[in-house]
Amino acid sequence: MHPVYLDNNATTPVDPEVYEAMTPFLREEFGNASSAHEKGQRARKAVEEARSQVAGLLGCGDRELLFTSGGTEADNLAVWGVAMRYRDRGTHIVTSKIEHPAVLRTCEVLENDGFQVTYLDPGPDGIVSPDDVEQATREDTILVSVMYVNNETGTVQPLPEIVAVARKKGALFHTDAVQAAGKIPVNVKQLGVDLLSISAHKLHGPKGVGALFVKDGVEVVPLMLGGSHERGRRGGTENVPGIVGIGRTCSIANRRLDEFKSAIGGLRDRLEEGILESVPGTHVNGSRARRAPHVTNISFDDVGGETLLVALDFQGVAVSTGAACAAGSISLSHVLSAMSIPEDRIRGAIRFSLGRFTIDDDIDYVLRILPDLVKRAREAAPETAD
Amino acid sequence: MYGETARRLITEMPNRGSLDDSTHSAKAENPVCGDIIKLYLRIEEDVVRDARFECRGCPGAMAAAAGLTELVKAKSAVECRAFNLEDLEAHVGQLPRHKRHGLELAVEVLRSCLGTGER
């Protein structure tokens, strides 16, 4: 069996270069970055070097970055932290229905605390319209939060246009760029965003570490209370190995950004075109024109995506699906649902997400085994539901 | 996790498709998750000579439906009427806990099928 990992939007294997960079900080260089002695100061130096490396990928100043425990904390801090800091200016937030739960759940909690949240529908192509954002943004809107690259479809939102309309109304702008950083160019100045979240483990870095860009002059109320770490914005002893890891991760991603687009984008296109050609009754979900290079989300007519996922898994191929059945109740992808994709297509949706370590052989193997698995599943499917 | 038999059933889906010369057939549906299993049996001289299934649903339902057809083949109708959840579970083997509802659906369709009489 040929093990093939095409679930890189869930998580990625750690790059050996990142692992090597982190290891000393789990062993001999165990110092607390807040300590005054040399061991502590070496840890501090490593943290600040990592900050510069992340800043290099995002095009921001070092002091505009704070480290978190991952993308979820970065999203939570951005949305909740801004809401708490600026609630005297207004209590309205605009976001989209295709956001990660880290944003959506935070918005729901804020609704219980007196905020009003407008959740925008994307178009059938998965794109949020700048016009819709403009119409939804009010005088009392303090924050607009729209993700850059969607984790399920890979669609790229027209951020500069959306940021411009938010800015016109005086609202701050946050984007969840967890699936964008290192995959497509992400420059906070060009995008014009005020806050931006990233995570290391989606990019061949370690789990448990992320970063939030907070533009100079923008303030957030901390979620984590404690010491004055991260310039008072995030209490708690720094996760030095993790931070070293995210730094090296971003440095490698920055170096290989062009290569990622051409090499991984080429593999994705070959996979997608190969599936569309060899398997009838397949549909790509989301815009193919405005999409990051590493994702394709494909619906297979008359096939349960979860059954196909498991059958692929037994053949050594890891992917993810748009619908999951647990204990007799079905959970459909909130992203595909928001795009008004019919339920049958959501049930038959498979997400293939590639990473830097995906190779030609992986694509060949999937294209070789997939048509038969789909054919078999269709032969088992009832012709009608009656 | 899925056991070896369940893995085989999901991968190979033995006895899939309808049965043109079936003598008995029935459908069962889980109205909540939408899983559907159709069972077709050809029973001659009180023995299940052939069994096929169609399934739209999760991997648990697929394994249960395919496993059911294997279980009932060459058995007498009397034996089949006596099959219960534990018998099917013993044949299908390990399924993740949250996929076990497929077994119940398969037992339901078997009972319904044998209750339909010859057509």
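The values are calculated or read from the model by the stated rules, or taken from the named source; none is laboratory data. Every value quoted in this text rests on a predicted model; they were computed, and no experiment measured them. Note: ideal-geometry Cβ built from the backbone for every residue, glycine included; neighbour counts use all protein chains shown. To get the accessible areas, we keep the full protein, side chains included, count just its heavy atoms, and leave off ligands, DNA and RNA. Shrake-Rupley method; radii C 1.70, N 1.55, O 1.52, S 1.80 Å.
Listed values, structure above:
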quantity: Between helix A:101-111 and chain A: long-axis angle, C-alpha atoms, 0 to 90°, nearest 10; calculated: 60
quantity: Inter-label distance for A:E383 and A:S329, nm, one decimal - labels placed 7 Å from Cα along Cα-to-Cβ; calculated: 3.6
quantity: Which of A:P130, A:I93, A:V214, positive extreme of dipole for region A:81-236 (C-beta unit charges); calculated: A:V214
quantity: Cβ charges +1 (Lys, Arg) and -1 (Asp, Glu), total dipole of region A:16-255, debye; calculated: 660
quantity: Virtual paramagnetic centre 7 Å along Cα→Cβ of A:E49, amide N under 15 Å, in region A:239-256; calculated: A:240-252
quantity: Heavy atoms of A:D301: accessible area, 1.4 Å probe, square angstrom to 10; calculated: 50
quantity: Solvent accessible area, Å² - A:R270, 1.4 Å probe, full protein context; calculated: 80
quantity: Volume in Å³ per residue [convex hull over Cα atoms, computed for region B:1-69]; calculated: 86
quantity: Residue among A:G61, A:L367, A:L354 farthest towards the positive dipole end of the protein assembly as shown, charges placed on Cβ; calculated: A:G61
quantity: 0 to 90° range, to nearest 10: angle between helix A:305-314 axis and chain A longest Cα axis; calculated: 90
quantity: Probe 1.4 Å, all protein chains present, accessible-area order of A:K169, A:K45, largest first; calculated: A:K45, A:K169
quantity: Where labels lie 7 Å past Cα in the beta-carbon direction, separation of A:E108 and B:D20 in nm; calculated: 5.2
quantity: Accessible-area order (highest first, 1.4 angstrom probe) of the listed residues A:S340, A:S69; calculated: A:S340, A:S69
quantity: Full-stretch length increase - A:K169, A:Q135 - with 0.36 nm per residue and alpha-carbon distance subtracted; calculated: 11.2 nm
quantity: Fraction of accessible area attributable to carbon and sulfur, region B:4-115 (%, probe 1.4 Å); calculated: 44
quantity: Evaluated at q = 0.13, 0.25, 0.28 Å⁻¹: base-10 log I(q)/I(0), Debye formula over Cα of region A:337-386; calculated: -0.51, -1.03, -1.08
quantity: Convex hull volume per residue for the protein assembly as shown, taking Cα atoms only, in Å³; calculated: 157
quantity: Segment A:S340-A:R89, extension gain: residue separation times 0.36 nm, minus the distance between their alpha carbons; calculated: 86.9 nm
quantity: Cut-off 15 Å (backbone N to label point 7 Å along Cα→Cβ of B:V32), residues of region A:328-351; calculated: A:328-332
quantity: Nitroxide proxy distance, nm - points 7 Å out along Cα→Cβ at A:H2 and A:T23; calculated: 3.1
quantity: Compactness of region A:16-255 as Cα Rg over 2.2 N^0.38 Å, two decimals; calculated: 1.00
quantity: Compactness of region B:4-115 as Cα Rg over 2.2 N^0.38 Å, two decimals; calculated: 0.95
quantity: Surface accessible to a 1.4 Å probe, per residue, for the residues of region A:16-255, Å²; calculated: 38
quantity: A:I346, A:I341, reordered so the largest accessible area comes first (probe 1.4 Å); calculated: A:I341, A:I346
quantity: Those Cys residues of chain A for which no other cysteine Cβ falls under 4.7 Å; calculated: A:C60, A:C107, A:C250
quantity: Net length gained if the chain between A:L225 and A:D258 were fully extended (0.36 nm per residue, minus Cα distance); calculated: 7.9 nm
quantity: Per residue Cα convex hull volume in Å³ - calculated over region A:207-336; calculated: 213
quantity: Sparsely packed chymotrypsin sites (Phe, Trp or Tyr not before Pro) within region A:1-74, loop by DSSP, other Cβ within 10 Å at most 15; calculated: A:F30
quantity: Cα-based helix-to-principal-axis angle, A:38-58 vs chain A, degrees rounded to 10; calculated: 50
quantity: Cβ-based charge dipole, chain A, positive-most Cα from A:L172, A:G227, A:M1; calculated: A:G227
quantity: Chain B - accessible surface per residue (Å², probe 1.4 Å); calculated: 43
quantity: Heavy atoms of B:T23 accessible to a 1.4 Å probe, total area in Å² rounded to 10; calculated: 30
quantity: For the pair A and B, total buried accessible area rounded to nearest 100 Å², probe 1.4 Å; calculated: 2200
quantity: Net dipole in debye of region B:4-115 [+1 Lys, Arg Cβ; -1 Asp, Glu Cβ; about Cα centre; nearest 20]; calculated: 340
